[in-house]
Amino acid sequence: MSYAGDVTPEQAWAALRDEPGAVLVDVRTSAEWSYVGLPDLAEVGKDVVLVEWQSYPDGRVNERFVDDLAAAGVGKEQPVYFLCRSGVRSVSAAEAATAAGWAQSRNVLEGFEGPHDAQRHRAVSGWKVAGLPWVQG
């Protein structure tokens, strides 16, 4: 593993709540943020940092990802929790951030929506299914 590790959505929430410098970076696309929803960190007095790992609709990797992360004000000394839809893109984001000097980069397992169930609905696990705060629209 080339990043600080994996955490569950509940562990990420606890860290965001209990660690003043902890940051949640949502690496999904702007379309996902707009139409699916976002974690709501108001209860812990924080905002989600939005930095796309891949662009929509072509799926191209954001070559400016590390620059965008820095421009968003995420300090290299901060614990950073990367979140995507199901916990795949966020691994790549955590690896890229670690390689660029963010030593406390972690992947949020299961992501915002989690994997498909037998009916191909995303209702198995993830931030939303865990009952953590989120908003839509």
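The values are calculated or read from the model by the stated rules, or taken from the named source; none is laboratory data. For clarity, every value in this text was computed on a predicted model and none was experimentally measured. So basically every Cβ, Gly included, is an ideal-geometry build from the backbone, and we count neighbours across all protein chains shown.
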query = Here are 114, 37, 45: which of them is without any contact (Cβ under 8 Å) to a residue 24 or more places away in the chain and on the phi > 0 side of the Ramachandran plot?
reply = 45
ask   = Counting just the residues of the stretch 16-34 that are surrounded by fewer than 17 Cβ atoms within 10 Å (Cβ to Cβ) and touching a residue at least 60 places away in the same chain (Cβ under 8 Å), which one comes out nearest to residue 60 (Cα to Cα)?
value = 34
query = Can you tell me which residue in the stretch 1-50 is nearest to residue 88 (Cα to Cα), limited to those that are in contact with a strand residue (DSSP E or B) (Cβ under 6 Å, 6 or more places away or on another chain) and part of a loop (DSSP other than H, G, I, E, B)?
reply = 27
query = Can you name the condition, by its number, that residue 131 falls short on among (1) under 20 Å from residue 15 (Cβ atoms); (2) touching a residue at least 24 places away in the same chain (Cβ under 8 Å); (3) small (Gly, Ala, Ser); (4) loosely packed, with under 12 Cβ neighbours inside 10 Å?
reply = (2)
task = Filter the stretch 108-128 down to residues that are more than 11 Å from residue 36 (Cβ to Cβ) and of a type in the set (D, E, K, R) and give me whichever is surrounded by the most Cβ atoms within 10 Å (Cβ to Cβ).
result = 110
ask   = So which residues in the stretch 35-51 are surrounded by 14 or more Cβ atoms within 10 Å (Cβ to Cβ) and small (Gly, Ala, Ser), if there are any at all?
value = 37
Members of the stretch 52-102 found to be assigned to a loop (DSSP other than H, G, I, E, B), in contact with a helix residue (DSSP H, G or I) (Cβ under 9 Å, 6 or more places away or on another chain) and either at pLDDT 95 or above or crowded, with 17+ Cβ neighbours inside 10 Å (or both), listed by number = 52, 53, 62, 64, 74, 76, 79, 84, 85, 100, 101, 102
